[in-house]
Amino acid sequence: MPHVNIKHFPVPLDKEREDALVTVVTQALTDALGCDEGAVSIALEPVEQEFWNEQVYVPEIVGRKNLLRKTPNY
């Protein structure tokens, strides 16, 4: 606890940028939730743009809007 799944359009992320993202998200989680960084798991899941609406937007943003704390402006 906690687990974060970051879904995004495929972009070239070199090891340095990926590591920086994971570090920042891990730090934010440990600061906010008071957990040890060893308890954090993070997944990066590229989703092709043409599948975004059916795989992410409708089921996770529209369908679970009660859980969102930040909504997209699209």
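We did not get these values from a lab; they are worked out from the coordinates using the rules stated. Bear in mind that the values here come from a model prediction, so they are computed numbers and not experimental data. Methodologically, a virtual Cβ is constructed for each residue, glycine included, from the backbone with ideal geometry; neighbour enumeration extends over all protein chains shown.
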*asked:* Quick check on this structure: which one of Val22, Val4 is touching a strand residue (DSSP E or B) at 6+ places or on another chain (Cβ under 6 Å) and not in a helix (DSSP H, G or I)?
replied: Val4
*When Val25 is evaluated against the numbered criteria (1) hydrophobic (A, V, I, L, M, F, W, C); (2) under 24 Å from Tyr74 (Cβ atoms); (3) exposed (fewer than 14 other Cβ atoms within 10 Å of the Cβ), which criterion, by number, is the only one it fails?*
(3)
_Subset tally (residues that are surrounded by 13 or more Cβ atoms within 10 Å (Cβ to Cβ) and either of a type in the set (Asp, Glu) or farther than 12 Å from Leu44 by Cβ (or both)) for the range 4-22_ = 0
*Filter the range 25-74 down to residues that are in a loop (DSSP other than H, G, I, E, B) and either under 22 Å from Phe9 (Cβ atoms) or among the small types (Gly, Ala, Ser) (or both), then give me how many there are.*
12
*Just for the range 28-74: of the residues that are free of Cβ contacts under 8 Å to residues at least 24 places away in the same chain, under 17 Å from His3 (Cα atoms) and in contact with a helix residue (DSSP H, G or I) (Cβ under 8 Å, 6 or more places away or on another chain), which one is surrounded by the most Cβ atoms within 10 Å (Cβ to Cβ)?*
Thr30
